[in-house]
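Okay, so here's the structure we're looking at.
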Amino acid sequence: MTDAPSPVLDHLVGGYRRFRASGWVTNRERWNRLSEGQQPQVMIISCSDSRVDPSQIFDVDPGEMFVVRNVAALVPPFETTPGHHGVSAALEFAVQVLKVKEIVVMGHGMCGGCRAALTQELRGTEPGEGGFVADWIALLDEAREPVAHAHGIEGRAAEREMELAAVKVSLKNLMTFPCIRRKVRDGDLTLRGAFFAISDGLLHLLDEKTGEFTPIS
Ligand SMILES: [Zn+2]
């Protein structure tokens, strides 16, 4: 910790003061209720990218969405290998304890993680020097092959195909979790794919039957 002046922290504190003066006061009853517990109906898997904040895009109130954000909005497959399975822990809590009704995987345009998966520019780097990201986005290696084959590894057409394919990878991996598979089968849980195009601000939803992402009008 440091007491050095920080324009970044000042900016955050300024925002916090506005929140306390407006957002918190007007929603005080809601916050009181939320202090007793949360009952979100939906879980969102989104990218850590600063441009795709789910609560901003979906304009929801506190308590409405259980959110996991990580590089490229990825869900790893069900794994019991040693390690710290953060996404799996969040999924387990959302599905088994909160009993969310829907899980939405939201990819996005201009995703740096997906681009790196496509170019493989971080491959072989050390942990802390790109290696953690390289290892994480290796989850997309299989999906990358047909994209790279059809579109190459550079340019927006190839990148967008990789971004859309990544959403499908996460949806597929969600179904490797026995508790999720069971709930989907029983009709207690729905999985959805979405894509937020940063350039035009349009949200697309995946049509499970056609495999196409269609913009919401
Ligand atoms: Zn991203």
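I need the trypsin sites (Lys or Arg not before Pro) found in segment 37-115, filtered to DSSP loop residues with at most 15 other beta carbons within 10 Å of theirs.
Arg51, Lys99, Lys101
How many percent of all Cα-Cα pairs in the chain sit more than 33 Å apart?
Values: 5351 of 23436 pairs.
Roughly 23 percent, once rounded to a whole number.
If you count only protein heavy atoms with a 1.4 Å probe, what accessible area per residue comes out for segment 37-80, rounded to a whole Å²?
Numbers: 2160 Å² over 44 residues.
About 49 Å² of surface per residue is accessible.
How high is the FRET efficiency from Val60 to Arg182, r the C-beta distance, R0 22 Å, rounded to 0.05?
On the way: r = 27 Å, r/R0 = 1.25.
It comes to 0.20.
So which lysines pass the test for Lys99, namely a Cα distance under 16 Å, with those fewer than 8 places away in the same chain ruled out?
In chain and number order, the partners are Lys183.
Once you order the gyration tensor axes a ≥ b ≥ c over the Cα atoms, which shape class does segment 2-115 get: rounded for a/c under 1.5, otherwise prolate or oblate by comparing a/b with b/c? Mind dumping the intermediate values first?
Working: a/c = 1.85, a/b = 1.27, b/c = 1.46.
Taking the square roots of the gyration eigenvalues as a ≥ b ≥ c, segment 2-115 is oblate.
So what is the relative contact order for the chain, in percent, with contacts set as C-alpha pairs under 8 Å and at least six apart? Mind dumping the intermediate values first?
Details: 303 pairs, mean separation 43.1, N = 217.
Taking the mean separation of contacting Cα pairs over the length of the chain, I get 20 percent.
For segment 202-217 and segment 120-138, what is the separation of their Cα centres, given in Å?
If we compute the Cα centre of each part, the gap is 31 Å.
Run the quick spin-label model on Thr125 and Trp31: label points 7 Å from Cα toward the beta carbon, then report their separation in nm to one decimal.
So the two model labels end up 3.9 nm from each other.
Taking 8 Å as the Cα distance limit and 6 or more residues as the minimum spacing, I'd like the relative contact order of segment 5-121 as a percentage.
Working: 109 pairs, mean separation 34.8, N = 117.
Dividing the mean separation by the residue count of segment 5-121 yields 30 percent.
Would you mind getting the accessible area per residue of segment 160-207, heavy atoms of the protein chains only, 1.4 Å probe, in Å²? List each step's numbers first, then the result.
Numbers: 2220 Å² over 48 residues.
I get 46 Å² per residue for segment 160-207.
Which length gain, in nm to one decimal place, applies between Asp207 and His149 when the Cα-Cα distance is subtracted from 0.36 nm times their residue separation? The partial results should precede the final answer.
Values: separation 58, 0.36 × 58 = 20.88 nm, distance 2.40 nm.
This chain segment gains 18.5 nm when fully extended.
Name the chymotrypsin sites (Phe, Trp or Tyr not before Pro) in segment 25-76 that are in a loop by DSSP and that have at most 12 other C-beta atoms within 10 Å, would you? Each step should come with its number before you reach the end.
Details: sites: Trp31, Phe58, Phe66; in loops: Phe58.
Qualifying residues, ordered by number: none.
So, R0 is 25 Å and r is the distance between the beta-carbons of Glu142 and Glu102; what FRET efficiency does that work out to, to 0.05? Please list the in-between numbers first.
Values: r = 26 Å, r/R0 = 1.04.
The pair Glu142/Glu102 has a calculated efficiency of 0.45.
Distances over 19 Å make up what percent of all Cα-Cα pairs in segment 103-217?
Details: 3323 of 6555 pairs.
In whole percent, the long-distance tail amounts to 51.
Report the Cys residues of the chain lacking a disulfide-compatible partner, meaning no second Cys Cβ under 4.7 Å from their Cβ.
Isolated Cys, the chain: Cys47, Cys179.
By DSSP, what percent of the beta bridges with both residues in the chain are antiparallel, rounded to the nearest 5? List each step's numbers first, then the result.
Values: 7 of 25 bridges.
Counting only bridges with both partners in the chain, antiparallel ones make up about 30 percent.
Would you work out what percent of the accessible area of the chain, with all protein chains in place, is carbon or sulfur (probe 1.4 Å)?
53 percent
Mean 1/r over all different Cα pairs, inverted: what Kirkwood radius does segment 32-72 give, in Å? Before the final figure, lay out the partial values.
Numbers: mean 1/r = 0.0906 Å⁻¹.
11.0 Å is the Kirkwood radius here.
In the Gaussian network model of the chain, springs joining C-alpha atoms below 10 Å, which of Gly128, Gly37, Gly14 carries the largest mean-square fluctuation?
In this elastic network of the chain, the residue with the biggest mean-square fluctuation among Gly128, Gly37, Gly14 is Gly14.
If one computes the Cα centroid of segment 21-69 and of segment 164-178, what distance in Å separates the two points?
Between the Cα centres of segment 21-69 and segment 164-178 lies a distance of 24 Å.
Quick one: what do you get for segment 77-152 if you divide its Cα Rg by 2.2 N^0.38 Å? Don't jump to the answer; show the numbers that get you there.
Details: Rg = 15.2 Å, N = 76, 2.2 N^0.38 = 11.4 Å.
Its radius of gyration relative to the 2.2 N^0.38 Å reference: 1.33.
Would you kindly state how much longer the chain becomes between Lys168 and Ser217 on full extension, computed as 0.36 nm times their sequence separation minus their alpha carbon distance, in nm to one decimal? It would help to have the intermediate numbers written out before the result.
Numbers: separation 49, 0.36 × 49 = 17.64 nm, distance 2.21 nm.
That works out to 15.4 nm of additional length.
Report the Rg/Rh value for segment 66-121, based on alpha-carbon coordinates and the Kirkwood definition of Rh. Please report the intermediate quantities before stating the final value.
Numbers: Rg = 13.3 Å, Rh = 13.0 Å.
Rg/Rh: 1.02.
The values are calculated or read from the model by the stated rules, or taken from the named source; none is laboratory data. Quick caveat: nothing in here was measured; it's all calculated off a predicted structure. Glycine gets a Cβ as well: all are built from the backbone with ideal geometry, and neighbour counts include every protein chain shown. Heads up: the accessible areas ignore ligands, DNA and RNA and are worked out on the full protein's heavy atoms, side chains in. Shrake-Rupley method; radii C 1.70, N 1.55, O 1.52, S 1.80 Å.
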